[in-house]
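The values are calculated or read from the model by the stated rules, or taken from the named source; none is laboratory data. This one's a predicted model, so the numbers in the text were calculated from it and none came from an experiment. For neighbour counting, all protein chains shown are included, and Cβ atoms are generated from backbone atoms with ideal geometry for every residue, glycine included. Side chains included, ligands, DNA and RNA excluded: accessible areas come from the protein's heavy atoms. Shrake-Rupley method; radii C 1.70, N 1.55, O 1.52, S 1.80 Å.
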Amino acid sequence: MSEEELVKGEDSKKEQTDKEVEKLKAERKVKRKRRLLKEAAKADKRGVCYLSRIPPRMDPIKLRQILSQFGELERIYLTPEDPSAHVHRKKAGGYRGQGFTEGWVEFTNKVVAKRTASMLNGEQIGGRKKSSFYYDLWNIKYLSKFKWDHLTEEIAYKNATREQKLELELSAAKKERDFYLAKVDQSRALSSIDERLKKRHKIQQAAGSTSEEPQAAKVTRQFPQTKPVRDNAEKKKAGLSKDVLAGVFGGS
């Protein structure tokens with residue numbers, strides 16, 4: 001075979017492999033699109049319930065065990081309590097575990113979520129009498145037209161605002177620190193100047209000089225002030241009154 005035939009064969013193989021790669025990419029795109037459509041259809045059927053209060057010692061695992069009796073669950077998110085409140089409760093001798101303030105529960109079927117919320121809201125949680133939340137009441141509400149993506153967006157927004165606020169606080173603290181360090185350096189420089197002046201004075205005294213001890217010069221600021229308007233007004237008023245009297249009484 002000649003070199004030209006070899007080159008043509010290699011080019012045809014490259015073209016064939018490129019076509020196969022493009023075909024595989026197109027098939028992957030179609031599969032991904034179908035999968036996304038299926039997920040979107042499933043997400044439209046799902047429903048989210050909101051819990052305005054989480055009883056003490058309740059965690060996502062226990063909540064899933066209780067609510068799974070009423071329907072199939074997808075995702076659960078509970079908002080952790082403030083760290084300061086957690087520390088205060090531990091110091092007071094209370095529950096040392098993690099506490100939660102509010103939560104969201106996603107059901108596979110929105111009809112089941114709505115029925116569960118209307119059935120449980122205001123009712124006693126129950127379960128075993130030994131459980132710490134046996135006498136607590138459900139505070140649950142179905143969120144119409146609310147999707148889990150809305151919750152993730154809200155959480156991301158809160159995290160971004162918290163990080164931005166933290167950055168601002170850190171920058172302010174850094175400015176205060178830099179200002180303090182600058183003042184410390186300035187005071188050290190002034191103290192070193194005073195020490196040098198004292199040493200020089202001692203040397204002059206030892207040499208027999210009778211100069212007075214130098215003192216640190218005090219900086220006094222003078223600000224320009226305007227003259228009071230009252231004096232000018234009184235002068236103008238007095239001159240005006242003499243002219244008026246001269247005109248009335250015929251004085252020169």
Residue among Lys158, Lys141, Lys114 that alone is in a helix (DSSP H, G or I), of a type outside the set (Asp, Glu), closer than 22 Å to Val48 by Cα and touching a residue at least 60 places away in the same chain (Cβ under 8 Å): Lys114
Counted residues, the range 117-129 - those being part of a helix (DSSP H, G or I) and either farther than 14 Å from Gln69 by Cβ or free of Cβ contacts under 8 Å to residues at least 24 places away in the same chain (or both): 2
Candidate set from the range 97-113 (those that are more than 34 Å from the chain's Cα centre (by Cα) and closer than 14 Å to Leu67 by Cβ); member that is surrounded by the most Cβ atoms within 10 Å (Cβ to Cβ): Val112
Residue in the range 116-127 that is touching an Asp or Glu at 6+ places or on another chain (Cβ under 8 Å), of a type outside the set (Asp, Glu) and open to solvent by 60 Å² or more (accessible area, probe 1.4 Å) present: yes
Single condition Cys49 does not satisfy, out of (1) outside any loop (DSSP other than H, G, I, E, B); (2) loosely packed, with under 13 Cβ neighbours inside 10 Å: (2)
Meets criteria (modelled with pLDDT of 75 or more, in a helix (DSSP H, G or I) and at negative phi) for Glu4: no
Matching entry among Leu151, Leu168, Leu190 (being over 37 Å from the mean Cα position of the chain (by Cα) and at pLDDT below 90): Leu190
Filter pass, Gly94 being free of Cβ contacts under 8 Å to residues at least 12 places away in the same chain and open to solvent by less than 50 Å² (accessible area, probe 1.4 Å): yes
Matching entry among Thr152, Thr101 (being under 17 Å from Leu63 (Cβ atoms), hydroxyl-bearing (Ser, Thr, Tyr) and not in a loop (DSSP other than H, G, I, E, B)): Thr101
Count of residues meeting criterion [open to solvent by less than 80 Å² (accessible area, probe 1.4 Å) and basic (Lys, Arg)] in the range 128-167: 1
